[in-house]
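Following: one structure in structure tokens, then a few remarks.
Here, each number is a calculation from the coordinates, and none is a lab measurement. Bear in mind the structure is a predicted one, so any value in this text is a computation, not a measurement. Neighbour counts are summed over all protein chains in view; Cβ atoms, including those assigned to glycine, are modelled from backbone coordinates with ideal geometry.
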């Protein structure tokens, strides 16, 4: 089971969160992007743009933070925190 925790923060306070689960046999990248899209749809926010820092942080820590610089439109929160909380062998090699 692959689980991704998505949280929105405003003034350093957690305002929204959800856990997205995926048990498909897809690549880790596809699971992460699908989970983020699902979270953005649930929170009714635009989808973030991955910058080099986000990719590097996610590869290194299995977590990253999306700020206003990652969104084309204005956002009503300070940042979105995304982190993998469970990962298993059901992921195909990339």
Per-residue Cβ neighbour rank within 10 angstrom, fewest leading, 79, 61: 61, 79
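Which of 36, 19 has the fewest other C-beta atoms within 10 Å, and how do the rest follow up to the most?
Numbers: 36 19, 19 13.
Taking fewest neighbouring Cβ atoms as first place, the list is 19, 36.
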Rounded tilt (10° steps) of 28-43 against the dominant C-alpha axis of the chain: 40 degrees
Value in Å of the Kirkwood radius, where region 18-91 supplies the Cα pairs that are averaged: 13.0 Å
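Using helices alone, I'd like the mean residue ellipticity at 222 nm for the chain: each DSSP H run of four-plus residues gives -39500 (n - 2.57), total over residue count, nearest 500. Before the final figure, lay out the partial values.
Numbers: 2 runs with 26 residues, N = 94.
Rounded to the nearest 500, the figure is -9000 deg cm²/dmol.
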